[in-house]
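Worksheet: the structure to be examined is printed underneath.
The values are calculated or read from the model by the stated rules, or taken from the named source; none is laboratory data. Note that this is a predicted model, so its numbers are computed, not measured. No Cβ is skipped: glycine too gets one built from the backbone with ideal geometry, and neighbour counts run over all protein chains shown.
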Amino acid sequence: MALLELKKLVKAFGGLLAVNDVTFQVEKGEIFGLIGPNGSGKTTIFNCINNFYPITAGDVLFKGQSIKGLKTHKICHLGIGRTFQVVKPLARMTVLDNVTASAFCRVNTIKEAEEEAHRVLGFCNLLGEKTKPAKSLPIAGRKRLEIARALATKPELLLLDETAAGLNPSELDEAIDLIRKIRDSGITILIVEHIMKVIMTISDRIHAINFGQTIAQGTPKEVANNRAVIEAYL
């Protein structure tokens, strides 16, 4: 049984089909890449999984059970965490307090939440920044903080939305290492990314969409050599 399954997913905004009949499965323990040109529907798919947007048709299953129509916070409690394309930390709060707030998804006391926040910050190599206001972090630090906040909810499946955007080459390498480290800790990853170095390096399988529809799926090599994918990007 797949950890996550999209079945003929459709999302319409009026007469515009942003996502049209997309089906794929994410297996437990893998890094599954979702790619496509700007405006192809990738983030919309994330928003449908988390029910930020109500699904027009089709279904989303998590561990074999439909999560269609569930409240967003309940989906998080089930074990699906996510980051956002545009990171928006609690700017005036410290790095530690940002992650502590997320940890309350699973614990009930400040002591437990802070302990979990320290563990996650250590995992993300942010402990040295914990007393700084979140707004003072450079882009790479804010991206890591976004991941740390999601990890503090203890997800089984983590949706990463362009976590490498805006990073320099050395920061990209660090981001790749962190993503692999997350997978090695037992968390399955569904990732949206435009930077081919990242997506082709880390993904076990890739699903490509264009204009809201599937155009290819397979290994990174198979997708990179697919004519429809090449035409969509070039």
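Go through the residues of region 42-52 one by one and say whether even a single one is surrounded by fewer than 19 Cβ atoms within 10 Å (Cβ to Cβ) and over 18 Å from the mean Cα position of the chain (by Cα).
No: region 42-52 contains no residue that is surrounded by fewer than 19 Cβ atoms within 10 Å (Cβ to Cβ) and over 18 Å from the mean Cα position of the chain (by Cα).
Looking at this structure, is Ile209 under 13 Å from the mean Cα position of the chain (by Cα), closer than 18 Å to Pro37 by Cβ and either assigned to a strand (DSSP E or B) or among the hydroxyl-bearing types (Ser, Thr, Tyr) (or both)?
no
Among the residues of region 74-95, count how many are without any contact (Cβ under 8 Å) to a residue 12 or more places away in the chain and either closer than 18 Å to Arg106 by Cβ or outside any loop (DSSP other than H, G, I, E, B) (or both).
Looking only at that region, the number is 1.
Of the residues Thr94, Thr131, Thr163, Thr153, which single one is within 23 Å of Asn38 (Cβ to Cβ) and touching a strand residue (DSSP E or B) at 6+ places or on another chain (Cβ under 9 Å)?
Thr163
Looking only at region 185-196, which residues are over 16 Å from Lys42 (Cα atoms), surrounded by 14 or more Cβ atoms within 10 Å (Cβ to Cβ) and in contact (Cβ under 8 Å) with a residue 60 or more places away in the chain?
Correct list: Thr188 only.
Got at least one residue in region 46-60 being closer than 21 Å to Leu178 by Cβ, at pLDDT below 95 and of a type outside the set (A, V, I, L, M)?
no
Taking only region 86-120 into account, find how many residues are more than 19 Å from Ser136 (Cα to Cα) and in contact with a Ser or Thr (Cβ under 6 Å, 6 or more places away or on another chain).
Total meeting the criteria: 4.
Restricting to region 112-149, name every residue that is of a type outside the set (D, E, K, R), in a helix (DSSP H, G or I) and more than 13 Å from Val87 (Cβ to Cβ).
Ala113, Ala117, His118, Val120, Leu121, Gly122, Phe123, Leu127, Gly128, Ser136
How many residues does region 62-86 hold that are farther than 21 Å from Asn98 by Cα and at pLDDT below 95?
1
Among the numbered criteria (1) buried (at least 17 other Cβ atoms within 10 Å of the Cβ); (2) over 20 Å from Ile31 (Cα atoms), which one does Ile147 miss?
(2)
Within region 95-125, track down each residue that is among the acidic types (Asp, Glu) and exposed (fewer than 15 other Cβ atoms within 10 Å of the Cβ).
Of everything in region 95-125, those that are among the acidic types (Asp, Glu) and exposed (fewer than 15 other Cβ atoms within 10 Å of the Cβ) turn out to be Glu112, Glu115.
What number of residues within region 53-89 are under 30 Å from Leu167 (Cβ atoms), of a type in the set (A, V, I, L, M, F, W, C) and surrounded by fewer than 16 Cβ atoms within 10 Å (Cβ to Cβ)?
Summing the residues that are under 30 Å from Leu167 (Cβ atoms), of a type in the set (A, V, I, L, M, F, W, C) and surrounded by fewer than 16 Cβ atoms within 10 Å (Cβ to Cβ) in region 53-89 gives 1.
Does Lys181 count as part of a loop (DSSP other than H, G, I, E, B) and under 19 Å from Ala117 (Cα atoms)?
Against the criterion (part of a loop (DSSP other than H, G, I, E, B) and under 19 Å from Ala117 (Cα atoms)), Lys181 does not qualify.
Could you give every pair whose Cβ atoms fall below 7 Å, whose first residue belongs to region 197-217 and is at negative phi, and whose second residue is of a type in the set (Lys, Arg) and in a helix (DSSP H, G or I), counting only separations of at least 6 or pairs across chains?
Qualifying pairs under 7 Å: Ile202/Arg180; Ile209/Lys42.
Is one or more of the residues making up region 7-19 within 19 Å of the chain's Cα centre (by Cα) and of a type in the set (Phe, Trp, Tyr)?
No, because not a single residue in region 7-19 is within 19 Å of the chain's Cα centre (by Cα) and of a type in the set (Phe, Trp, Tyr).
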